1. Residues being touching a Ser or Thr at 6+ places or on another chain (Cβ under 9 Å) and either in the same structural domain as residue 175 (by TED's automatic domain parsing) or of a type in the set (S, T, N, Q) (or both): count how many of those fall in region 11-43.
2. Counting only residues that are in contact (Cβ under 8 Å) with a residue 12 or more places away in the chain and among the basic types (Lys, Arg), give me the strands (runs of 3 or more DSSP E) lying completely in region 79-185 with at least 2 of them.
3. Sort through 23, 39 and tell me the only one that's surrounded by 13 or more Cβ atoms within 10 Å (Cβ to Cβ), without any contact (Cβ under 8 Å) to a residue 40 or more places away in the chain and over 30 Å from residue 288 (Cβ atoms).
4. Looking for whichever is under 18 Å from residue 200 (Cβ atoms) and charged (D, E, K, R) here; the options are 3, 77, 11. Which one fits?
5. Specify which of the listed residues (164, 123) is modelled with pLDDT of 95 or more, out of contact with any Ser or Thr (no Cβ under 6 Å at 6 or more places or on another chain), under 18 Å from residue 100 (Cα atoms) and crowded, with 21+ Cβ neighbours inside 10 Å.
6. Quickly run through region 240-256 and pick out the residues that are surrounded by 22 or more Cβ atoms within 10 Å (Cβ to Cβ) and either more than 18 Å from the chain's Cα centre (by Cα) or in the same structural domain as residue 107 (by TED's automatic domain parsing) (or both).
7. Can you tell me which of 145, 190 is in contact with a helix residue (DSSP H, G or I) (Cβ under 9 Å, 6 or more places away or on another chain) and either over 19 Å from residue 245 (Cα atoms) or assigned by TED's automatic domain parsing to the domain that holds residue 244 (or both)?
8. When the residues of region 220-253 are narrowed to those that are touching a Gly at 6+ places or on another chain (Cβ under 8 Å) and charged (D, E, K, R), which ends up nearest to residue 288 (Cα to Cα)?
Amino acid sequence: MLKTNVDSLVKMKLKGEIIHPELWVERNYVTTWDGKPKLTVGIGGIVQNVKVGDPVFGWYADHLNAGVAVSSFDASKQPALNVFSCIGNKTKVLTGDAKGARGVVVGKTYFFAGRSNRVIVYFEEEHLKKLAIGDKIEVEGYGTGLAIEGHEDVRVFSLAPHLFDAMGLKAEGGKLVVPVVKVLPGYLMGVGVGRGSSESGAWDIQSCSPELNEEHGLESLRFGDVVAVTDVSSDYGNTVFEGGTIVGVISHGASEIGGHGPGLAMIFSSRKGKIEPTLDGKANVANYLGLRKDLEW
């Protein structure tokens, strides 16, 4: 069993609120990679019919948040809520008709419009129906600073300790073996390169090329899938780096805007090639956390 520094981690309460859906630009429409106008449905809000575990493609949407988008009106608190919330963290509704309902963080996203730092939370259907825009949400922030003993060349981000334990990680030949649904080449990575904080938001896998989508099987991706990308690094910001490997969780949906696509919220990175991805079609947050009993894994 892998040893970590879990006993030294700080557990703290964070607070945000369910934010209203956003438009990307004041003109309402954006232009797709092939020159067509499109409304950016799905950025923020309470998405009722798409959840973690569902397909990323096939929706009339752009950067779709599958679940409930939580942020803050206070711009000074936005970054802390986003960075200190970890995938797998427990949440609780503090106000409204769903007060007391429990949920779980299943993704983190970043966007340029409005309140751009968002945490994506899964709620069971009975609670989802009662939620309202503006409801206050508490996140039990736990996992920031997680590290693996003996694997100092692998950085860990935004991962709750109990989710880390559920992922079936192993050490072989000095490398961390991580189950993933896909291994993608670094040249697919788009918006997010150059960003300084690997703990916040998501790095987009470009989905603008139908040919590349088909070649790499991107259209089979699901929200919550664990995916590896080669020849890039997120050790200290997102960058092209030959020999490096990152692993992340699909946290927002596909896009037809040039340079954009499904968002990968980082959980592991090693610019020294100390991550060994191994293919596993069940490598999904919803499966690891037992969130979707209705799906076949």
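The values are calculated or read from the model by the stated rules, or taken from the named source; none is laboratory data. Here the structure is a predicted model, which is why all the values come from computation and not from measurement. Cβ sites come from the backbone with ideal geometry, for glycine too, and all protein chains shown count toward neighbours.
1. Here the count works out to 3.
2. Details: elements: 90-93, 102-110, 117-122, 136-142, 170-172, 175-180, 182-185.
Where strands (runs of 3 or more DSSP E) fall fully within region 79-185 and carry at least 2 residues being in contact (Cβ under 8 Å) with a residue 12 or more places away in the chain and among the basic types (Lys, Arg), they are 90-93, 102-110.
3. Working: 23 fails: without any contact (Cβ under 8 Å) to a residue 40 or more places away in the chain.
Of the residues listed, the single one that is surrounded by 13 or more Cβ atoms within 10 Å (Cβ to Cβ), without any contact (Cβ under 8 Å) to a residue 40 or more places away in the chain and over 30 Å from residue 288 (Cβ atoms) is 39.
4. On the way: 3 fails: under 18 Å from residue 200 (Cβ atoms); 11 fails: under 18 Å from residue 200 (Cβ atoms).
Every option except 77 fails the conditions.
5. Details: 164 fails: under 18 Å from residue 100 (Cα atoms).
Exactly one of 164, 123 is modelled with pLDDT of 95 or more, out of contact with any Ser or Thr (no Cβ under 6 Å at 6 or more places or on another chain), under 18 Å from residue 100 (Cα atoms) and crowded, with 21+ Cβ neighbours inside 10 Å, namely 123.
6. Initial filter on region 240-256 (surrounded by 22 or more Cβ atoms within 10 Å (Cβ to Cβ)): 244-255.
Within region 240-256, 244 is the sole residue that qualifies.
7. On the way: 190 fails: in contact with a helix residue (DSSP H, G or I) (Cβ under 9 Å, 6 or more places away or on another chain).
Testing whether each residue is in contact with a helix residue (DSSP H, G or I) (Cβ under 9 Å, 6 or more places away or on another chain) and either over 19 Å from residue 245 (Cα atoms) or assigned by TED's automatic domain parsing to the domain that holds residue 244 (or both) leaves just 145.
8. Here the answer is 222.
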